[in-house]
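The values are calculated or read from the model by the stated rules, or taken from the named source; none is laboratory data. What you see is a predicted model, and the numbers here were worked out from it, not measured in a lab. Cβ coordinates were reconstructed from backbone atoms using ideal geometry, including for glycine residues, and neighbour counts include every protein chain displayed. For the accessible areas, the whole protein counts, side chains as well, though only heavy atoms, and no ligand, DNA or RNA atoms are used. Shrake-Rupley method; radii C 1.70, N 1.55, O 1.52, S 1.80 Å.
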Amino acid sequence: MNAFTPGGRIDESQAIRPVRIAVLTVSDTRDEESDTSGHVLAERIKTAGHELADKGIVKDDVAQIREQIKAWVASGSVDAIITTGGTGITGRDVTPEAVEPLFDKKIDGFSVIFHLVSYQSVGLSTLQSRATAGIVDGVFVFCLPGSNGAVKDGWDKVISAQLDSRHGPCNMVELMPRLLEQ
């Protein structure tokens with residue numbers, strides 16, 4: 001049976017191909033115990049049948065964010081990275097500034113779709129987010145706001161279907177072997 005998802009269907013007769021996903025929380029105030037948005041993401045990733053490749057927390061600091069992203073990409077053990085936090089418009093919010101220069105390609109549609117979904121939950125407050133996504137050396141990187149609601153919306157209504165190999169008419173998993181083509 002096929003289950004409907006926004007923008008497509010999941011072919012449940014097929015087995016999911018697990019994606020290795022790392023979660024990075026960007027926060028000056030969170031630690032492992034208080035990192036609720038990171039925990040929400042990690043749980044949803046595992047429940048969806050994917051592998052939680054790693055989980056970390058860094059300060060709202062461009063160098064620390066870049067260092068962790070680069071390390072995961074270089075490890076060869078991560079297919080996708082999802083960050084939570086640091087996408088707002090205050091002075092300390094620096095996730096887009098840290099991550100976007102690393103992108104080989106920006107996934108412009110991610111921000112558009114995220115804001116459409118977010119608008120249904122928080123209305124015009126979605127304007128305060130600079131959610132972004134792109135590809136760094138063959139690894140997908142999605143940057144979500146730090147609230148639990150934004151993480152749930154971002155995973156449940158946008159990212160999860162595209163990282164599900166059973167999603168049609170197309171998904172990002174089927175593109176993974178071709179991301180580094182020349």
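A straight chain from GLN120 to LYS105 at 0.36 nm per residue would run longer than the Cα-Cα distance by 2.6 nm. Each residue of segment 104-120 was assigned a 3J(HN,Hα) from its phi angle through the Karplus curve 6.51 cos²θ - 1.76 cosθ + 1.60 (θ = phi - 60°); the sequence is 7, 9, 8, 9, 4, x, 4, 4, 4, 5, 4, 5, 4, 5, 5, 4, 5 Hz, with glycine and proline shown as x.
Under the rule of -39500 (n - 2.57) per DSSP H run of 4 or more residues, summed and divided by the residues of the chain, what mean residue ellipticity at 222 nm is obtained, to the nearest 500 deg cm²/dmol? Let's see the in-between values first.
Values: 5 runs with 53 residues, N = 182.
About -8500 deg cm²/dmol.
Per-residue 3J(HN,Hα) values for segment 61-75, derived from phi via the Karplus relation 6.51 cos²θ - 1.76 cosθ + 1.60 with θ = phi - 60°, read 9, 3, 5, 5, 5, 4, 4, 5, 4, 4, 5, 5, 4, 5, 5 Hz in sequence order (x marks Gly and Pro).
Per residue, the solvent-accessible area of segment 34-152 (1.4 Å probe, heavy atoms of protein chains only, all protein chains present) comes to 45 Å². Just flag the GluC sites (Glu not before Pro) in segment 91-182 sitting in loop per DSSP whose Cβ has no more than 13 other Cβ atoms within 10 Å. Here the sparse-neighbourhood loop sites are GLU181.
Only bridges with both residues in segment 17-174 count here: give the DSSP antiparallel percent, nearest 5. Could you put the intermediate results ahead of the total?
On the way: 7 of 24 bridges.
Roughly 30 percent of the DSSP beta bridges within segment 17-174 come out antiparallel.
GLU32 to GLN182: FRET efficiency via 1/(1 + (r/R0)^6), r the Cβ-Cβ distance, R0 45 Å, to the nearest 0.05?
Values: r = 40 Å, r/R0 = 0.90.
The calculated FRET efficiency here is 0.65.
Here the extension length gained between ARG17 and LYS152 equals 46.4 nm, from 0.36 nm per residue of separation less the Cα-Cα distance. Set against the labelled values [x] 47, 38, 33; [y] 55, 31, 29; [z] 54, 37, 28, Cα extents along the principal axes in Å computed from this structure falls on [x]. A crude spin-label estimate for the pair THR47 and SER77, with each label 7 Å from Cα along the Cβ direction, gives 2.6 nm.
When the accessible area of the chain is split by element with a 1.4 Å probe, what percent falls to carbon and sulfur? Don't skip to the end; give the middle numbers.
Working: 4730 of 9100 Å².
Carbon and sulfur atoms account for 52 percent of the accessible area of the chain.
Using a 10 angstrom cutoff on alpha carbons, build the Gaussian network for the chain and name the most mobile of VAL78, VAL141, VAL122. Answer for the Gaussian network model of the chain: VAL122.
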